[in-house]
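What follows is a single structure, written as structure tokens, with notes after it.
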Amino acid sequence: MDRLAILLTPLGPRFFDAAAAARAIEMIGSHWGEDRDPRQDPVYLALAAQLAGESGAMPQTWRIKGRRSGQFSTFWRWLSQQGEPFGHSAKTLPARYINVSQFPIWSGLYRRWLEARRDFKPIFFIHDLLPIEHPEFFRLGERQRHRARLANVAHLGAGVIVASALVKAALDDHMRAFDRTDLPILAAPVPSVPIFSAPLDQSGECVPYFVCCGTIEPRKNHLLLLNVWRELVAREAPPKLVLVGARGWKYRPFVELLEHSPALRAHVIEVGGLTTPALHRLLAGARALLMPSFAEGFGLPVHEALTTGIPVLASDIPAFREIVDERLLRLSPTDPQAWLTAIENFLRKPIALRVPRPATSWQDYFAEIETFIGEV
């Protein structure tokens with residue numbers, strides 16, 4: 001099967017052959033440090049230094065910033081100039097076109113481009129329907145943008161790929177409103193990358209710590225964890241809380257609470273820009289991953305933590321009920337006392353042997369995708 005990669009740029013659609021696309025992906029990974037050993041990664045080393053300190057010691061900063069994206073913008077502009085133009089004059093073939101993100105499905109310009117490419121059968125990847133189902137957690141206008149995205153999927157789509165049965169059911173309902181009862185939808189959980197299955201030697205002393213991974217925004221419910229930690233820091237030998245993720249939107253209450261609480265700043269570390277190898281190493285030493293989200297479509301960090309071999313405390317919400325694993329404990333996202341009790345239980349218990357969970361292989365995942373796109 002012939003394959004091309006298409007990059008939508010300000011210069012118009014550009015295409016790359018498979019070898020050029022693989023090189024571009026390697027360069028992007030290298031830019032973000034994905035090929036770097038965490039023990040030579042300054043972001044991870046700054047985090048590890050704080051975790052190695054004595055319990056209660058004030059860290060130099062509660063926020064460790066990651067890599068800047070400015071240089072990546074320059075690289076992105078360069079990359080967009082390397083591909084060949086993919087306009088109306090390009091060779092036309094009956095082909096499946098897979099849009100692997102939600103960008104820029106809402107765009108009228110994008111819709112017109114696809115309408116002109118009648119040699120394509122478009123297949124879209126949809127993360128979730130949360131901007132429509134829970135607009136209170138998103139930026140103003142995101143609900144309308146997502147409605148436009150779904151309208152274009154209904155108008156143009158030959159198929160859709162999602163990551164959970166929950167999203168498939170919700171998308172089925174919305175497609176019926178557009179009279180698209182014939183739209184094939186594949187629910188295929190996205191595998192963790194192989195590094196999360198790799199064993200690690202976690203020698204060295206550090207204070208007990210927990211990890212929460214996700215963009216800092218209201219839906220992720222970080223405020224519940226900060227209120228739990230307000231209780232924990234008043235006790236003897238409190239654990240650390242590591243918040244992994246960039247600041248997204250509507251995060252001012254979170255920041256103000258941390259900025260005005262020296263006790264919390266001494267035990268809560270916010271870190272952005274961790275590479276995948278660094279996140280794996282961080283998870284491997286944690287007592288548990290904490291995911292108190294109000295809503296999710298899939299929850300990749302939960303799968304990554306379970307694949308690493310650590311337990312997870314997560315919200316009792318539909319997306320996480322699809323995950324069957326004895327190390328996953330589900331709690332109400334509105335019950336801080338239950339979270340406090342569960343975290344204290346993990347502190348009292350000795351650390352269990354880390355046994356990575358067998359993960360679905362990328363080969364099996366893409367075999368399922370290939371079968372699906374061959375049938376639409």
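If you build the convex hull over the alpha carbons only and average its shadow over all orientations, what do you get for region 140-234? Give it in nm² to one decimal. Each step should come with its number before you reach the end.
On the way: hull surface 40.9 nm².
If you wrap the Cα atoms of region 140-234 in a convex hull and average its projections, you get 10.2 nm².
Which value, to two decimals, describes the C-alpha radius of gyration of region 279-332 once divided by 2.2 N^0.38 Å?
Numbers: Rg = 10.2 Å, N = 54, 2.2 N^0.38 = 10.0 Å.
Compared with the compact-globule rule of thumb, region 279-332 sits at 1.02.
Report, in deg cm²/dmol and to the nearest 500, the calculated mean residue ellipticity at 222 nm for the chain, where each DSSP H run with n ≥ 4 adds -39500 (n - 2.57) and the sum is divided by the residue count. Don't skip to the end; give the middle numbers.
Numbers: 15 runs with 148 residues, N = 376.
Value at 222 nm, helices only: -11500 deg cm²/dmol.
Less than 15 Å apart at the alpha-carbon level, and either on another chain or at least 8 residues along: which aspartates and glutamates does that give for K168?
D128, E133, D182, E296, E322
Which value, in Å to one decimal place, does the Kirkwood hydrodynamic radius take for region 196-329 when every pair of different Cα atoms is included?
On the way: mean 1/r = 0.0651 Å⁻¹.
Taking every pair of different Cα atoms in region 196-329, averaging 1/r and inverting gives 15.4 Å.
What Kirkwood radius, in Å to one decimal, follows from the Cα pairs of the chain?
Numbers: mean 1/r = 0.0443 Å⁻¹.
Evaluated over the chain, this radius sits at 22.6 Å.
Quick check: residue separation of A18 and E368 times 0.36 nm, minus the Cα distance between them. What number comes out in nm? Kindly include the intermediate steps, with their values, before the conclusion.
On the way: separation 350, 0.36 × 350 = 126.00 nm, distance 2.00 nm.
Between A18 and E368, full extension yields 124.0 nm more.
Gain in length, E115 to R147, computed as 0.36 nm per residue apart minus the alpha-carbon separation, to one decimal in nm? If you can, show how the numbers build up before the last one.
On the way: separation 32, 0.36 × 32 = 11.52 nm, distance 1.86 nm.
Gain on stretching E115 to R147: 9.7 nm.
Just the number, please: percent antiparallel of the DSSP beta bridges in the chain, rounded to the nearest 5.
Details: 8 of 39 bridges.
Of the beta bridges lying entirely in the chain, close to 20 percent run antiparallel.
Can you compute log10 of I(q)/I(0) for region 251-346 with the Debye formula, treating each Cα as one identical point scatterer, at q = 0.13, 0.18 Å⁻¹?
-0.52, -1.00
Quick check: pseudo-label points 7 Å beyond the Cα along Cα→Cβ at D172 and H155, how many nm apart are they?
About 2.6 nm, to one decimal.
If exposed trypsin sites (Lys or Arg not before Pro) are those in a DSSP loop with at most 11 other Cβ within 10 Å, what is the longest stretch of the chain that has none?
Numbers: sites that count: R3, R68, K91, R118, R235.
Looking at the chain, 236-376 is the longest stretch - no exposed trypsin sites (Lys or Arg not before Pro) with at most 11 other Cβ atoms within 10 Å.
What nm distance separates the two modelled labels at W249 and L140, each placed 7 Å from Cα along Cα→Cβ?
It works out to 1.1 nm between the two label points.
If you average the sequence gap of Cα pairs under 8 Å that are 6 or more apart and divide by the length of the chain, what percent do you get for the contact order? Walk me through the numbers before you get to the answer.
Values: 591 pairs, mean separation 68.1, N = 376.
18 percent.
No lab work stands behind these numbers, since they all come straight from the coordinates. All of these numbers come straight from a predicted model, not from anything done at the bench. All Cβ positions, even for glycine, are placed from backbone atoms using ideal geometry, and neighbour counts span all protein chains on display.
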